[in-house]
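Asks: The structure follows.
We did not get these values from a lab; they are worked out from the coordinates using the rules stated. None of these values were measured; they are calculated from a predicted model. Backbone-built Cβ (ideal geometry, glycine too); neighbour counts: all protein chains shown.
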Amino acid sequence: MSVLETPRLRLVPITLSVVEAVMAGRRGDTEALVGATLPRLVGPVATSSSGPSPPRSNASAPTPPTASGATG
């Protein structure tokens, strides 16, 4: 597979080895395979095996009218 390079960016194909290293949590192996340091997460990672999370609510969105026609 070829690498796509511009003056500011280097795109490297994701290989099966990279995917396996990421899925197994082998940070050092992943970094060695991609030739870059991966960002560190600041907080805990929430994982769910039940699928994607529902969309986050938008606090600035208006409240839809209730059955009586009043708004919240």
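Asks: Using R₀ = 22 Å, calculate the FRET efficiency as 1/(1 + (r/R₀)^6) where r is the Cβ-Cβ separation of L9 and V42; round to 0.05.
Replies: 0.35
Asks: Related question: Could you pull out the trypsin sites (Lys or Arg not before Pro) across segment 1-42 that fall in loop regions by DSSP (anything but H, G, I, E, B) with no more than 14 other Cβ atoms inside 10 Å?
Replies: Sparse-neighbourhood loop trypsin sites (Lys or Arg not before Pro): R8, R26, R40.
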